[in-house]
Amino acid sequence: MSGAALIERRSIDYVPLAERRGKVWHLWPVWFSGGAHLATLAVGVLGIALGGNLLWTAVAVVAGCLLGTFFMAFHSTQGPQLGLPQMIQSRPQFGYTGALLVWGVALVAYIGYNAFNLVLAAEALHQLRPALRPASPRVMVLFGLAALALAVVGYDKIHVAQRAFAYLMIAVLTVFTAGAFFRLQIPAAQWDVHGFRAVPFLAATFAAASYQLSWAIYVSDYSRYLPREVGVRESFWWTYVGAFVGGAWMMLVGSVAAASAPTLEVAAAMEQAAEAVLPGLGPVLLVSALLGLITISTLNYYGASLTLLSVADTIRPLRCTVGKRLASLVVAFVASCAIAIASSHDFIARFGDLLALLLYLFTPWTAINLVDFYLVRRGHYSIREIFNPRGLYGSWNWRGLSAYLIGFAAMIPFFSTGRFTGPVARALGGADIAMLVGLPVAAAVYLLLCRSLDLPAERAAVAAADAGLEPGAAASVT
């Protein structure tokens, strides 16, 4: 893709070194903006809703964000090293066809989250303008089209939009935060250090951690055009700081709003809290959070497009074109709008449980993907063999698939959703610590199974396969 192109032409294909550009600090606004939106508020509300106080909910939110963002940011470092979007990188661990397992889950997540975003946007606009129906199909479609338009132009313009929104949101959140210290009336019990309750604390911690970890499925999509010389440390920290600050700050706004108005819905509580801080700030904060909902919906459409193309490439190898990328975006848009428009309140509640399950499904994947990249193959992958259906990585990789299934099964007793609570979670009063189990189990099993890999022979095969991929450059990535 040339720097002057309006519409991005690359999708799941490799980005050659000659086309690499951008600065590593551009990563922080992408992920700050990724968290600073309306949907993130609800995560901060959870601890308060379960009976925790503001002090300990705030500690839980920060701790959870520190944990979940740690794993998410390591995925970001893979983009400059491989020049590939995130999900296509799963083929070496799961096989050319086996990767369909995680891609199917990712696709449901992208489209499902956007369906939620469309419903949430319509409800927020109803809060701003009561004359608008809270579930207006027209509002949902128009909101989705705004997000789709940005996804169409692609990578460069998404980065620009995220930077602009980040600066806007920092200004608005700074005014709200500074004013909240002096103007917001919060009951003294909300600050009581003796008000610690284990179940709300654990629930809030791991909700925040899981939410941050959910970015892992597309984080390197937005670093893959960076020059290969960008170091792991740099890309990790610019991603980590942006995602942690944006996510934690917005969750804490949700916690404060819920503590000050526990009987209101999250959008209404946020608007009321902002109005108490500064008259007129409520609508400004709500509109700003809605703009953030547009940009996160853009990221979901963009990720859904790349995942759809990855699935299509598995069924029948394809040549990446602008037309195919646009067609995949339209499919994702239509699917999310159809779900949002057809949804009922009961459906939304049940679909929320499904999305919680999707977060469980991505926990073992992130462990396997990171362990493979940093500890097993150590960045040595063949770009050409990733796209070869009968190539080096095979059709089904039993090591990755086995580790995934064992890691997922180990988490089941710790699940806690509206429809199913595992025995360990039940003993903990409904607290969900499944992520703490799935990550180490999947990682340990995968490491054990990979002891039989002949890595020197594989590295020689990688060098031979990618000879000439980049004239004058090393064949493998490190």
Legend entry - Residues satisfying the stated conditions in the range 209-265, i.e. assigned to a loop (DSSP other than H, G, I, E, B) and either touching a Pro at 6+ places or on another chain (Cβ under 9 Å) or surrounded by 24 or more Cβ atoms within 10 Å (Cβ to Cβ) (or both): TYR218, SER223, ARG224, TYR225, LEU226, PRO227, ARG228, GLU229, VAL230, GLY231
Legend entry - Failed criterion for GLY98 (all others in (1) crowded, with 19+ Cβ neighbours inside 10 Å; (2) assigned to a helix (DSSP H, G or I) hold): (2)
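Is there a residue being closer than 30 Å to ALA121 by Cβ, modelled with pLDDT of 90 or more and part of a helix (DSSP H, G or I) anywhere in the range 366-373? Please lay out each step first, then the result.
Filtering the range 366-373 for residues closer than 30 Å to ALA121 by Cβ gives 366.
Restricting the remaining residues to those that are modelled with pLDDT of 90 or more gives 366.
Keeping just the survivors that are part of a helix (DSSP H, G or I) gives 366.
So far as the range 366-373 goes, yes, one or more of its residues are closer than 30 Å to ALA121 by Cβ, modelled with pLDDT of 90 or more and part of a helix (DSSP H, G or I).
Out of all the residues in the range 414-431, which are under 19 Å from LEU358 (Cβ atoms) and either assigned to a helix (DSSP H, G or I) or not aromatic (Phe, Trp, Tyr) (or both)? Reasoning before the result, please.
The initial filter retains those residues of the range 414-431 that are under 19 Å from LEU358 (Cβ atoms), namely 414-422, 425.
PHE414, SER416, THR417, GLY418, ARG419, THR421, GLY422, ALA425, listed by residue number.
Just the residues that are part of a helix (DSSP H, G or I) and either closer than 14 Å to ALA99 by Cβ or basic (Lys, Arg) (or both), please, taken from the range 386-402. Walk me through it before giving the result.
At the first step, the residues of the range 386-402 found to be part of a helix (DSSP H, G or I) are 386, 398-402.
Across the range 386-402, the qualifying residues are ILE386, TRP398, ARG399, GLY400, LEU401.
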Inset, instruction - Quickly run through the range 435-468 and pick out the residues that are within 16 Å of PRO364 (Cα to Cα) and among the aliphatic types (A, V, I, L, M). - result: MET435, LEU436, VAL437, LEU439, VAL441, ALA442, ALA443, ALA444, VAL445, LEU447, LEU448, LEU449
Inset, instruction - From (1) within 20 Å of the chain's Cα centre (by Cα); (2) more than 21 Å from ASP313 (Cβ to Cβ); (3) buried (at least 22 other Cβ atoms within 10 Å of the Cβ), pick out the condition that doesn't hold for ALA425. - result: (1)
Legend entry - Index of the failed condition, ALA312 passing every other in (1) surrounded by 16 or more Cβ atoms within 10 Å (Cβ to Cβ); (2) in contact with a helix residue (DSSP H, G or I) (Cβ under 9 Å, 6 or more places away or on another chain): (1)
Legend entry - Residue identified as surrounded by fewer than 15 Cβ atoms within 10 Å (Cβ to Cβ) and at pLDDT below 85 among GLY418, GLY468: GLY418
Legend entry - Exclusive hit being modelled with pLDDT of 95 or more, assigned to a helix (DSSP H, G or I) and surrounded by fewer than 21 Cβ atoms within 10 Å (Cβ to Cβ), set TRP25, TRP31: TRP25
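Inspect the range 331-339 for any residue being of a type in the set (Ser, Thr, Tyr), within 22 Å of VAL102 (Cα to Cα) and either within 24 Å of the chain's Cα centre (by Cα) or not in a helix (DSSP H, G or I) (or both) and give the result as yes or no.
yes
Go through the range 362-392 and give me each residue that's hydroxyl-bearing (Ser, Thr, Tyr) and crowded, with 23+ Cβ neighbours inside 10 Å.
Our first condition is that a residue be hydroxyl-bearing (Ser, Thr, Tyr); within the range 362-392, this holds for 363, 366, 374, 381-382.
THR363, THR366, TYR381, SER382 - these are the residues of the range 362-392 that are hydroxyl-bearing (Ser, Thr, Tyr) and crowded, with 23+ Cβ neighbours inside 10 Å.
Checking the condition over 16 Å from the mean Cα position of the chain (by Cα) and of a type in the set (Gly, Ala, Ser), which residue from ALA58, ALA106 passes?
Details: ALA106 fails: over 16 Å from the mean Cα position of the chain (by Cα).
ALA58 is the lone residue from the list that is over 16 Å from the mean Cα position of the chain (by Cα) and of a type in the set (Gly, Ala, Ser).
Yes/no per residue for (1) surrounded by fewer than 21 Cβ atoms within 10 Å (Cβ to Cβ); (2) within 23 Å of GLY242 (Cα to Cα); (3) among the aliphatic types (A, V, I, L, M):
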{"residue": "LEU118", "(1), (2), (3)": "no, no, yes"}
{"residue": "VAL141", "(1), (2), (3)": "yes, no, yes"}
{"residue": "VAL160", "(1), (2), (3)": "yes, yes, yes"}
{"residue": "PRO187", "(1), (2), (3)": "yes, no, no"}
Inset, instruction - Considering every residue within the range 135-150, establish whether at least one is under 21 Å from TRP28 (Cβ atoms) and modelled with pLDDT of 90 or more. - result: yes
Inset, instruction - Kindly check whether there is at least one residue in the range 414-424 that is aromatic (Phe, Trp, Tyr) and touching a strand residue (DSSP E or B) at 6+ places or on another chain (Cβ under 9 Å). - result: yes
Inset, instruction - Run ALA274 past the list (1) crowded, with 23+ Cβ neighbours inside 10 Å; (2) in contact with a Phe, Trp or Tyr (Cβ under 6 Å, 6 or more places away or on another chain); (3) modelled with pLDDT of 90 or more and report the number of the one that doesn't hold. - result: (3)
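The values are calculated or read from the model by the stated rules, or taken from the named source; none is laboratory data. Small disclaimer: the values here were computed from a predicted structure and weren't measured. Here the Cβ is made from the backbone with ideal geometry for all residues, glycine too, and neighbour counts use every protein chain on show.
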